[in-house]
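Everything on this sheet refers to the single structure shown next.
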Amino acid sequence: MIRPMGKRVLVTPKEIKSSTDSGILMPEQALNPLFLEGTVEAVGSRVDLDIKKGDVIAFQKIYDELIVDKKTLYLVEDVFIIAVIES
């Protein structure tokens with residue numbers, strides 16, 4: 001278990017697909033979006049945002065990458081979180 005410190009949020013990033021489900025290849029711009037999406041795994045004690053574990057968020061591409069048990073996780077500061085994506 002990783003517990004982020006301060007104003008950081010631990011996020012599992014959403015995989016960026018290089019093709020659609022029907023096999024159409026995505027253009028280079030689509031593979032390099034302006035922001036990323038991911039699922040919140042843990043929230044630091046000083047995060048002032050209304051987010052919790054399990055929320056899907058959009059965040060700027062500024063983060064620290066961790067690899068734990070062959071799984072890639074991102075530590076994102078709360079100021080780089082753009083939105084909570086609700087379905």
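For the reader, a short list of remarks on this structure follows.
- Across the range 42-53, coupling constants 3J(HN,Hα) worked out from phi with the 6.51/-1.76/1.60 Karplus curve, θ = phi - 60°, read 7, 10, x, 6, 10, 6, 8, 8, 8, 10, 8, 4 Hz, and Gly and Pro carry x.
- Rounded percent of accessible protein surface that carbon and sulfur make up, the chain, 1.4 Å probe: 52
- The chain, relative contact order in percent, only Cα pairs under 8 angstrom and at least six apart counted: 34
- When the Gaussian network model of the chain links Cα atoms closer than 10 Å, the mean-square fluctuations of Ile62, Ile24, Ile51 top out at Ile24.
- The ellipsoid equivalent to the alpha-carbon distribution of the chain has semi-axes of 25, 14, 11 angstrom, derived from the gyration tensor eigenvalues as √(5λ) and listed largest first.
- Entry note, the chain: the mean residue ellipticity at 222 nm calculated from DSSP H runs of n ≥ 4, each adding -39500 (n - 2.57), is -500 deg cm²/dmol after division by the residues and rounding to the nearest 500.
- When the residues Arg46, Arg8 are ordered by accessible surface, computed with a 1.4 Å probe over the protein chains alone, the sequence from largest down reads Arg46, Arg8.
- 5 angstrom amide H check on Ile85, placed H, neighbours 5+ away: Val56, Ile57, Ala58
The values are calculated or read from the model by the stated rules, or taken from the named source; none is laboratory data. Keep in mind it's a predicted model, so treat the numbers as computed, not measured. The area values use the complete protein model at the heavy-atom level, side chains included, leaving out ligands, DNA and RNA. Shrake-Rupley method; radii C 1.70, N 1.55, O 1.52, S 1.80 Å.
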